[in-house]
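The structure under discussion appears below in the form of structure tokens.
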Amino acid sequence: MVFASTVFLFFFFPLSLLLYYNPLCKTRRYRNAVLLAASLVFYAWGEPVFVWLMLLSIVWNHVCGLRIAACEDHRTRKAWLTAAIGFDLTLMFVFKYLAFVFENIGLLLGSGSFPSLHIELPVGISFFTFQIMSYVFDVYYGKVEAQRSVWQLALYISMFPQLIAGPIVRYGTVVGEIEQRRETLGDISRGVTRVVCGLAKKVLLANYVALIADNIFSLAGTELAVTTAWLGAVAYSFQVYFDFSGYSDMAIGMGLMFGFHFEENFNYSFTCDSITDFWRRQHISLSKWFRDYVYFPLGGSRVSRRLWIRNLFVVWLLTGIWHGANWMFCIWGMYYFVLLLFEKLTGFPGQLTGRARVLRRVYALALTAVGMVIFRADTIPHTALFIANMFGIRASALTDVFFPQYFASGKWVLFACALFSTPVLPWLHRQFTCGKPIRYPRAVLCYDLLRSLALLTLFGVCIAVCAKSAYNPFIYYHF
């Protein structure tokens, strides 16, 4: 089931809220049961078989977590940790990477000498597997207590707002709210706002710039004009950002409506002034996961330079592999490993100060656009040619007939993407709210009224767009 669908927006989600806030039963146990049941139905809607796989993973990790907590012997605890993580990684490998491994072995041995496999990928397996692994790791390291109730652990893993595409929620951040939380009108109001804004990001921005990106990337393998290649890279960068941050906004908003406070997953990524800064703002939950469970255990930066480089290499290789069974994702991970290593060794672009500071943003945005091209492409030759065209190498010309055509058709959407990729809305909100209610009560009242009308209008436009499109999948559903 997709968030940006009429079935979800007009049937599943409203029904879940009505059952959750049933005035005849307000106990925590009842509300947790409703949310768990809704989450399992949500996943089973599109994955009727794989829901059992997720439940099996939850039960096994629950058992392992209890055994880790119960054992005092270090070797026994480590054995149970290995059993849990080994099971989780095996599931991911079989469903996500085994067919890729068979395909490459077949290429090495020759066509027809090795069987090919087609294994359907369970939606969201990378997200819920990493989430449950973080729980087991935290129990092992003593950061959290093992959850005694398998039902509460199942609710943590399967909660439908963040089940399919994150953010990757840490158990320690929500365990208190699973057992005891307080739903408020303020949280519900903020949740509605986040849901509407996230939906608008997806259907009004990401989907439209996707048309530009798809048209230009369909020409991959041919010689493009420099401006056309850059337009395609910029359009796809906006598509990924607004698609994924839109999903995260909806997930966080729905969490608020059920009384949960998930951590932010994006912080205006395109306001970065370095690649290091970009990854502090982009897909924050995944970056923190690899930092806490891979980079730090390997020694982080508190080791020799050689080992530190190894640690950085391992993290970004695994980050690329996590995104999918494709050599291009490995190259994408190595691309960012090289850039981050360069920045940490040289301190660049920190030396650019004063008026030259704007070059830091140009540098960061240009290189992240190149990274997006690698992220999207299927083959190395097409990717190399597309990037070469961006920098005038083998480009057909500076501009061509495609650039004015695609730019003219999407200029206002591109402008909106550029505007809303900056914190302009939070800035406006602060101007009308911080310290203003007492001094200018009427102005604040008018602002609140206009804001409510704008959200209602925005929601209506989004619904009209969703009704015309039968399917609006989010990019990260594939991971």
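Collect the residues in segment 120-163 that are assigned to a loop (DSSP other than H, G, I, E, B) and touching a Lys or Arg at 6+ places or on another chain (Cβ under 8 Å), keeping them in residue-number order.
We begin by selecting, within segment 120-163, every residue assigned to a loop (DSSP other than H, G, I, E, B); these are 120-124, 141-149, 159.
Within segment 120-163, LEU121 is the sole residue that qualifies.
Kindly check whether there is at least one residue in segment 165-178 that is in a helix (DSSP H, G or I), within 21 Å of ALA366 (Cα to Cα) and either at pLDDT below 95 or of a type in the set (D, E, K, R) (or both). Within segment 165-178, none of the residues are in a helix (DSSP H, G or I), within 21 Å of ALA366 (Cα to Cα) and either at pLDDT below 95 or of a type in the set (D, E, K, R) (or both). Looking across segment 106-121 at every residue that is surrounded by 13 or more Cβ atoms within 10 Å (Cβ to Cβ) and hydrophobic (A, V, I, L, M, F, W, C), the one that is modelled with the lowest pLDDT is identified as PHE114.
So which residues in segment 249-276 are more than 21 Å from SER158 (Cβ to Cβ) and within 17 Å of the chain's Cα centre (by Cα)? Answer for segment 249-276, where residues must be more than 21 Å from SER158 (Cβ to Cβ) and within 17 Å of the chain's Cα centre (by Cα): GLU264, PHE266, ASN267, TYR268, SER269, PHE270.
Scanning segment 45-69 for residues that are free of Cβ contacts under 8 Å to residues at least 12 places away in the same chain and assigned to a helix (DSSP H, G or I) gives VAL51, TRP52, LEU56, VAL63. Applying the criterion of being of a type in the set (S, T, N, Q) and under 22 Å from the mean Cα position of the chain (by Cα) to the residues of segment 173-203, the residue that is surrounded by the most Cβ atoms within 10 Å (Cβ to Cβ) is THR193. Restricting attention to segment 400-431, the residues that are farther than 16 Å from ALA235 by Cα and either of a type in the set (Gly, Ala, Ser) or surrounded by 13 or more Cβ atoms within 10 Å (Cβ to Cβ) (or both) add up to 3. Being in contact with a Cys (Cβ under 6 Å, 6 or more places away or on another chain) and surrounded by fewer than 17 Cβ atoms within 10 Å (Cβ to Cβ), is that true of even one residue in segment 6-13? Yes; the residues of segment 6-13 include at least one that is in contact with a Cys (Cβ under 6 Å, 6 or more places away or on another chain) and surrounded by fewer than 17 Cβ atoms within 10 Å (Cβ to Cβ). Check whether at least one residue in segment 31-44 is surrounded by fewer than 13 Cβ atoms within 10 Å (Cβ to Cβ), out of contact with any helix residue (DSSP H, G or I) (no Cβ under 8 Å at 6 or more places or on another chain) and either assigned to a helix (DSSP H, G or I) or not hydrophobic (A, V, I, L, M, F, W, C) (or both), and report yes or no. No, because not a single residue in segment 31-44 is surrounded by fewer than 13 Cβ atoms within 10 Å (Cβ to Cβ), out of contact with any helix residue (DSSP H, G or I) (no Cβ under 8 Å at 6 or more places or on another chain) and either assigned to a helix (DSSP H, G or I) or not hydrophobic (A, V, I, L, M, F, W, C) (or both). For segment 309-335, the set of residues classified as modelled with pLDDT of 95 or more and aromatic (Phe, Trp, Tyr) consists of PHE313, TRP316, TRP332, TYR335, listed by residue number.
Total residues in segment 258-281 satisfying the condition of being part of a helix (DSSP H, G or I) and either in contact with a Lys or Arg (Cβ under 9 Å, 6 or more places away or on another chain) or of a type in the set (Asp, Glu) (or both): the figure is 5.
One residue alone among VAL51, VAL34 is out of contact with any Lys or Arg (no Cβ under 9 Å at 6 or more places or on another chain), over 16 Å from MET257 (Cβ atoms) and not assigned by TED's automatic domain parsing to the domain that holds GLY253, and that residue is VAL51.
ALA364 meets each of the listed conditions (1) small (Gly, Ala, Ser); (2) crowded, with 18+ Cβ neighbours inside 10 Å; (3) more than 25 Å from PHE290 (Cα to Cα) apart from (3).
Answer yes if at least one residue in segment 65-75 is in contact with a Lys or Arg (Cβ under 6 Å, 6 or more places away or on another chain) and buried (at least 16 other Cβ atoms within 10 Å of the Cβ), and no otherwise. Break it down stepwise before answering.
At the first step, the residues of segment 65-75 found to be in contact with a Lys or Arg (Cβ under 6 Å, 6 or more places away or on another chain) are 68, 71.
Narrowing further to those that are buried (at least 16 other Cβ atoms within 10 Å of the Cβ): 68.
Yes, because at least one residue in segment 65-75 is in contact with a Lys or Arg (Cβ under 6 Å, 6 or more places away or on another chain) and buried (at least 16 other Cβ atoms within 10 Å of the Cβ).
When VAL101 is tested against (1) more than 18 Å from PHE50 (Cα to Cα); (2) modelled with pLDDT of 90 or more, exactly one condition is not met: (2). Suppose we filter ALA233, ALA220, ALA229, ALA251 for residues that are outside any helix (DSSP H, G or I) and outside the structural domain of VAL34 (by TED's automatic domain parsing); which single one remains? Of ALA233, ALA220, ALA229, ALA251, the one residue that is outside any helix (DSSP H, G or I) and outside the structural domain of VAL34 (by TED's automatic domain parsing) is ALA220. In this structure, is THR383 of a type outside the set (A, V, I, L, M) and either at pLDDT below 90 or in a helix (DSSP H, G or I) (or both)? Yes, satisfied.
Comparison of GLY300, GLY320 shows that the only residue that is on the phi > 0 side of the Ramachandran plot and of a type outside the set (Lys, Arg) is GLY300.
The values are calculated or read from the model by the stated rules, or taken from the named source; none is laboratory data. In this text, all values refer to a predicted model and were calculated from it rather than measured experimentally. Heads up, the Cβs are rebuilt from the backbone with ideal geometry, glycines too, and the neighbour counts pull from every protein chain shown.
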